[in-house]
Every structure is written in structure tokens, then in C-alpha cells.
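Novice: The structure is given below, and queries will be raised subsequently.
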Amino acid sequence: MAEWVQNLMDSMGYVGILLLMILENVFPPIPSELIMPSAGFAASRGDLNIVMVIVVGTAGSVLGTLPLYYLGRVFGEDKLVKWADKYGKWLTLSGKDIKKADDWFDQHGTKAVLFGRLVPGIRSLLSLPAGMSEMPLPKFLIYSAIGSAIWASILAGAGYLLGENYDRVEQYVGPAGYVVLGVLAVVAVVWFVRRKKAQS
């Protein structure tokens, strides 16, 4: 897959990055952890501009959130869970994934959209519960853009600095994503405990 991603970017440049990042959100097996470091590497060779790589990567990531957002808004949780259990294997998606993302979103709201964009495996799915809960589109897009810009900057910057070793980014991002998720879980627990104490 790495070779295909690199070839697409070599032939299409920024348009290739945009399309890949849109697809990455709709079809998670195409990982941003491969796309953006590869684009950063291309920028380090002088083929692309690193700022434009980050801008285009962010734009593609935000545009890619819209299909799942509208799917969640139109169909709701029950229908989507049934659909995912029947057809979701093609998107590596199950009804359990949708319920998990929805429960997490209900607990964290806008913070989920912002920080969830930094967590592999969750970042794509968060668009569904945002749509299901009818989060206002402008608010959703703003928080998605901020989180996506941070994520794109980290990945492209790592690819730029690592040069030909850009493919190592993918090895480290998975564990780092779980660290971010763990930190968010701890923050959520602390917030919940403080809120309960304040109410009593």
C-alpha cells in the first residue's frame, strides 16, 4: 500500500493527498499514518511544500468526515448498527464500533471531536455519533479542522524530519494513539468525580 500511496502523490501531488485523506476517513484501511508522513517526505525532497501538505491534508481529512456525519444524521444509531453488522465488514466497521463511538461521544461531546481526531481507529468513527447527536455542522467542522490540523502537522512533520525513514512513523503512532486515548479517559474520570463532588 505504501508504494501505491507514494505513486499517487508523485503523479497527482496535492490533489492526490486531498483524495487520499478523504478516502482515509471513509475507508479506514487507508491510514493517514502512512499518507501524511509520505507527503512530508516528498516535501523534504523539495517536491512539495510542507505548509501546503498540511493544509491540503487537513482539508481532505475534514471533507472526509462529512459522509459519515450525514449518514449518522439521516439514519440514527439503531439503523446504522443493523447496517454495520450486515455490511460493515467491507469498511472494517461493526455495530459494536458504532455503539462504542456513540457512547464515547455522549460522554465527551465537542472534546471528543477535537481530541478524537488524534486517535487512530476512533478518528474516522466519531463523525457518525456527531451526526447522530445532531451536533451543529459549523461547530463539528471547526473542531474537526483544529484536531485534523494538529494530526496532519504531527504526521507530515515527522515524515519531513525522518526523510527516507518516514515509514517508521506508522510503527510509533499506533501506541501513541492509545496513550492519547488513555489520557482522555483519565481526564474524563477526574472531571466526572469532581462534578459529582460539586453536586453533593
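The values are calculated or read from the model by the stated rules, or taken from the named source; none is laboratory data. From a predicted model like this one, the values you see are computed outputs, not experimental measurements. As a convention, Cβ positions derive from the backbone with ideal geometry for all residues, glycine included, and neighbour counts pool all protein chains shown. Surface areas here come from the heavy atoms of the whole protein model, side chains and all, with no ligands, DNA or RNA. Shrake-Rupley method; radii C 1.70, N 1.55, O 1.52, S 1.80 Å.
Novice: First select every other residue whose beta carbon is under 9 angstrom from the beta carbon of TRP151; then total the charges, Lys and Arg +1, Asp and Glu -1.
Specialist: +2
Novice: Now a separate question. Would you kindly find the accessible area of ASP10, with a 1.4 Å probe and non-protein molecules such as ligands, DNA and RNA excluded, rounding to the nearest 10 Å²?
Specialist: Approximately 90 Å² for this residue.
Novice: Which distance in Å, rounded to a whole number, links the C-alpha centroids of region 126-143 and region 61-84?
Specialist: 10
Novice: Let me ask you something else. Considering only protein heavy atoms, with the full assembly of protein chains and a 1.4 angstrom probe, order ILE17, ILE50 by accessible area, largest first.
Specialist: Per-residue accessible area, sorted high to low, gives ILE50, ILE17.
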